[in-house]
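Since every read-out is calculated from the coordinates, none of them should be taken as a lab result. A quick note: this is a predicted structure, and the numbers were derived from the prediction, not measured. For neighbour counting, all protein chains shown are included, and Cβ atoms are generated from backbone atoms with ideal geometry for every residue, glycine included.
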Amino acid sequence: MKIEISSPLDMHLHLRDGAMLDNIAQCSSNSFAGAIVMPNLLPPVTSKEEIIAYKKRIKLAIKDDTFTPYMTLFFKNSYDFDFLSSIKEEIIAIKLYPAGITTNSEGGVDGFDIESLKMTLDAMSELEIPLCIHGETNGFVMDRESEFIPIYEKIATAFPKLKIIMEHITSKDSVQALDRFENLYATITLHHLIITLDDVAGGMLKPHLFCKPIAKRPEDRFALRKLAFSGHPKVMFGSDSAPHPQHAKESCGCAAGVFTAPIALQVLTELFLQNSTIENLQKFVSDNARNIYSNIVIPSKIVTLEKRSFIVPSNYGGVVPMFANEEIPFSIVDIKG
Ligand code: NCD
Ligand code: ZN
């Protein structure tokens, strides 16, 4: 049996920079037609010059692959209308991080009072620039995402024309929040469809499954699966594939992030087939994103997968992927475009 996916998109991806970018960029650009590239470099991407230069480095790293990097700016509440109009053509969205909540987010937002966000979010609404949010408070780690929901709701109410993407949702509370506001959307990762906290810390600690937001309870995973498998039009695949060098993961003070780029489409295919919802895979990995981010141009690329087992390599340029050394049942057998 062959499964074809047309122009798969990864709507939340960390490509890093320098040697790491060169090592891992093609893990995504080989099989995806495009991806939203996160701006949490050190220092974060906050100017037009940096965006243009970073995009150039990405293009070099992906070599001849058919792949569009959709660039993002790191949110600052000092961005005004003129600045954002001058940068609009270079970006697909702006990514907001609460300060210090995850990798390289120290320069993020300190408070969420509407007054302090107003200038930038008014300008984004006017210019139709979507806002991607890492929605976690600094509360107890299992509750951070749920505690952030009132902030999503406050922003969604105050800026009804703003498209707000709840990034990498992990809890049933977020699933329920999605439909309460017309202007809320969501991405879901591969790993949060598969693991719970038990897989991370229930037995021997698994550093390669440690990420932010942390994987939650079985009922949360169930709600995420139901939502993703339904092909819900407000939900997109965003891998949040976040490579760290092996030594940074296998260390005390383990870096957060799961590296899934090389196996994402293969394992998504398996999951959607298992759940008899393969017809919705195309919506989840491409069509919904095309509709939500209405102005994007997407390269045409056809990826064919087949039931043929594949042993996942132990590492890609010093980064350990999810399912390293394990056999997965689906392989990519052809890529056109
Ligand atoms: C990401 C990273 O390493 O950049 N880590 C992660 O655990 N997901 C940042 C992020 O998206 O939170
Ligand atoms: Zn991320």
Hey, can you rank 117-123, 29-35 by average C-beta count inside 10 Å, highest first?
29-35, 117-123
I need the peptides 308-318, 38-48 ranked by packing, meaning the mean over residues of other C-beta atoms within 10 angstrom, with the highest value on top.
38-48, 308-318
Where nothing but the Cβ of Lys and Arg (+1) and of Asp and Glu (-1) is charged, how large is the charge dipole of segment 180-314 around its Cα centre, in debye to the nearest 20?
120
Take the Cα pairs of the chain, get the Kirkwood Rh, then feed it into Stokes-Einstein at 25 °C and 0.890 mPa s and tell me D in µm²/s.
123
Name the residue from THR157, ALA33, ILE92 whose Cα lies farthest towards the positive end of the charge dipole of the chain, charges +1 on Cβ of Lys and Arg and -1 on Cβ of Asp and Glu.
ALA33
Taking the dipole about the Cα centre of segment 187-264, with the C-beta of Lys and Arg at +1 and of Asp and Glu at -1, give me whichever of PHE222, HIS232, MET204 is farthest to the positive side.
HIS232
Percent relative contact order of segment 61-122, based on C-alpha pairs within less than 8 angstrom and at least six residues apart?
37
Among all the aspartates and glutamates, which ones have a C-alpha under 16 Å from LYS307's C-alpha, if same-chain residues fewer than 8 places away are not counted?
GLU4, GLU270, GLU326, GLU327, ASP334
In percent, how large is the relative contact order of the chain, given Cα pairs closer than 8 Å and 6 or more residues apart?
19
Charges only on Cβ, +1 for Lys and Arg, -1 for Asp and Glu: so what's the dipole of segment 233-305 about the Cα centre, in debye to the nearest 20?
200
Give me the percent relative contact order of segment 19-133, please, defined on Cα pairs under 8 angstrom at least 6 residues apart.
27
Of ALA93, ALA264, ALA156, the most mobile residue in a GNM of the chain (C-alpha springs, cutoff 10 Å) is ALA156
For VAL141, VAL303, VAL297, what ranking results if the residue with the fewest other Cβ atoms within 10 Å of its Cβ goes first?
VAL297, VAL141, VAL303
Near TYR97, within a Cβ-to-Cβ distance under 12 Å, what is the net charge of the other residues, with Lys and Arg +1 and Asp and Glu -1?
-1
What net charge do the residues around ASN291 carry, taking every other residue with its C-beta under 12 Å from that of ASN291, with Lys and Arg at +1 and Asp and Glu at -1?
+3
The alpha-carbon center of segment 16-78 and that of segment 210-270 are separated, in whole Å, by 19
Hey, can you rank 246-259, 219-232 by average C-beta count inside 10 Å, highest first?
219-232, 246-259
Treating the beta-carbon of each Lys and Arg as +1 and of each Asp and Glu as -1, no other charges, what is the dipole magnitude of the chain about its Cα centre, to the nearest 20 debye?
600
A correct Karplus calculation of ³J(HN,Hα) over segment 2-7, with 6.51 cos²θ - 1.76 cosθ + 1.60, θ = phi - 60°, whole Hz and x for Gly and Pro, returns 10, 10, 10, 10, 9, 6
Within-14-Å neighbourhood charge of PRO150 [Cβ basis; K, R +1; D, E -1]:
-4
